[in-house]
Amino acid sequence: MPTKTVNLSEEAYERLKTWKNNDEESFSSLILRILPKHRTVREAYEEFHSKHEGLTEEEAEKMKKDIE
């Protein structure tokens, strides 16, 4: 598998390293595990609706209050 070199500050490296599950986990595996795949708003909307029936009235009201 081809690889790329990425430069990180010491602080960024140390912070990223704390997210590793163990010493055997690669940084590539870590990044793929913790960062979601970039999606458009439309893709996220379609994925959400394919997995959920929709919000109940109670959930919708709570969401409105949380946003305000």
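Only a single criterion out of (1) among the charged types (D, E, K, R); (2) modelled with pLDDT of 95 or more; (3) surrounded by 11 or more Cβ atoms within 10 Å (Cβ to Cβ) is not satisfied by Arg39, namely (2). Put simply, of Glu46, Glu58 the only residue that is of a type outside the set (Ser, Thr, Tyr) and surrounded by 10 or more Cβ atoms within 10 Å (Cβ to Cβ) is Glu46. Comparison of Lys4, Lys65, Lys17 shows that the only residue that is basic (Lys, Arg), surrounded by fewer than 11 Cβ atoms within 10 Å (Cβ to Cβ), out of contact with any Cys (no Cβ under 8 Å at 6 or more places or on another chain) and at pLDDT 90 or above is Lys4.
The values are calculated or read from the model by the stated rules, or taken from the named source; none is laboratory data. Here the structure is a predicted model, which is why all the values come from computation and not from measurement. Positions of Cβ are backbone-derived with ideal geometry, glycine not excepted, and every protein chain shown enters the neighbour counts.
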